[in-house]
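The values are calculated or read from the model by the stated rules, or taken from the named source; none is laboratory data. What you see is a predicted model, and the numbers here were worked out from it, not measured in a lab. With ideal geometry, Cβ positions are generated from the backbone for all residues, glycine too; neighbour counts draw on all protein chains shown.
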């Protein structure tokens, strides 16, 4: 039967309208995050177990104390659809999923009571909107495994979830989802239905996990199109990182923010690594498209988190100033990870300093001025006044490993078979200590996961796996050093094989062991993990403390005004100072004494008797 002309005309108008809507959204979506987004995320405090009452408590606090400083997003992180998840990991044994008839995951009613009767997050989003805030959620890339197994229909198509999935590229650390194969009929329809559901709930921000590294370009493109079709201004964040630099242009064109690192926690080596990471990503920042250094692990953390126990941030106060100064001068999105209702006065002062946050929201021409082994400086412009913002950092550290002290060292490469393929066998000469070190090659590489495979100590008769010995101390520059897993928590996989026994590390790393009495030999293979984004690393073995020279507790950092393009006399204002912010007029240069791991942020202005230009 032929369709009536009026029906054909109506369908044509709908298609034209949808096409125009997509084009408009594609053109405008960068405006939805015209400045780096600022918000709270439940991950660092609650892991995959946050509840509705806890989300509301954090929203109430933000509305009352932080909203006036520009904070606006409340984001529910991972696995809100599992009723019986657990802290410090995930329940993958018997997870109780909540899912609708079209294979779309729903909030657990046990944890989010207002989601009953199919309401999803609509009531929670409405509550947060009533506070003058915006609501966000975390999702995993792909289609639920349970939807595929039960052949659930895909809304808006004639296919089922089993027709659109692929088990290739499945997330290695959480098996809830399968890849959505963009080449299959119904793939786009699934993502369309998913984001239409989220839009109907009133979602303003979506963080999509397992999307950035490795980079799933086809699914990112489908997600972008699905968001545009909703007609709702939904900010898109991709996670985790490091997003490959070769994909920078594509992610700029399709997302509002994207991760530059793996999960970031409260330890100095991971914070220090951001200086090199942000240098790499600085040229890729543009309005509405922000490289993201990950959440701020500040305040009260680890209540039920994936990493660490219930604690206040392990960063010192100087390190917290460094964190906030670096994120601000780089213009990274700010998502607070700690529990807001238990926020201490000092941390609150860090995240509500309006002069500092003005640098985040308004500065332009942000760039690194210099970077030495011990000091770093960044500069930016105030577009309204012509003033300069100057950030100074003292990043000095003891030398983690003095290579001259190693009893053995060598480089392994990821490409092809590793260069050091033979099993290492070393005489420890009755030493009481064993230190295993890994250094990035080249030195400024990040994301290097290096595995000590089948690492053991022996005495000629007996053998002990190092993975069975509790280490004395450990330092990891990427991810987390782990026994029998890589630094990201996935199985040890290298050189075409999966390894059951070994120690996974993230460069630059150092692990200290006490050697049991009577054991005199060390043996191991050294391989670069398949999941590593870096391709090579130097492995080192020590039997004495490998640390090198200890730097002084403070350093004087100086910047000539001429290097800023400014005249000889300038006025300087300390943006972090609680009082007496105006430091006065300086001639020729400005210098400051900063504690180790500390930072300063300053506004440099023409002196009143100086003329611009």
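Quick notes on this one:
- Qualifying residue in region 582-590 (condition: at positive phi and in a strand (DSSP E or B)): yes
- Candidates 254, 267, 282, 366 - the one that is over 21 Å from residue 394 (Cα atoms) and either in the same structural domain as residue 69 (by TED's automatic domain parsing) or in contact (Cβ under 8 Å) with a residue 60 or more places away in the chain (or both): 254
- Test: residue in region 281-293 that is under 29 Å from residue 342 (Cα atoms), at pLDDT 95 or above and in a loop (DSSP other than H, G, I, E, B): yes
- Of the residues examined, residue 169 is one that is assigned to a loop (DSSP other than H, G, I, E, B), surrounded by fewer than 19 Cβ atoms within 10 Å (Cβ to Cβ), modelled with pLDDT under 95 and touching a strand residue (DSSP E or B) at 6+ places or on another chain (Cβ under 7 Å).
- The sole residue among 381, 427 that is surrounded by fewer than 19 Cβ atoms within 10 Å (Cβ to Cβ), more than 26 Å from residue 495 (Cα to Cα), in contact with a strand residue (DSSP E or B) (Cβ under 8 Å, 6 or more places away or on another chain) and assigned by TED's automatic domain parsing to the domain that holds residue 477 is 427.
- Pairs, first closer than 28 Å to residue 145 by Cα in region 60-88, second crowded, with 24+ Cβ neighbours inside 10 Å and at pLDDT below 95, C-beta under 6 Å, six or more apart: none
- So residue 338, is it modelled with pLDDT of 95 or more and part of a loop (DSSP other than H, G, I, E, B): yes
- Checking residue 352 against (1) surrounded by 20 or more Cβ atoms within 10 Å (Cβ to Cβ); (2) touching a helix residue (DSSP H, G or I) at 6+ places or on another chain (Cβ under 6 Å), the condition it does not meet: (1)
- Just one of the listed residues (513, 521) is touching a strand residue (DSSP E or B) at 6+ places or on another chain (Cβ under 8 Å), surrounded by fewer than 19 Cβ atoms within 10 Å (Cβ to Cβ) and either in the same structural domain as residue 433 (by TED's automatic domain parsing) or farther than 30 Å from residue 387 by Cβ (or both), namely 521.
- Subset of region 176-196 [part of a loop (DSSP other than H, G, I, E, B) and either at pLDDT below 95 or under 17 Å from residue 155 (Cβ atoms) (or both)]: 184, 185, 186
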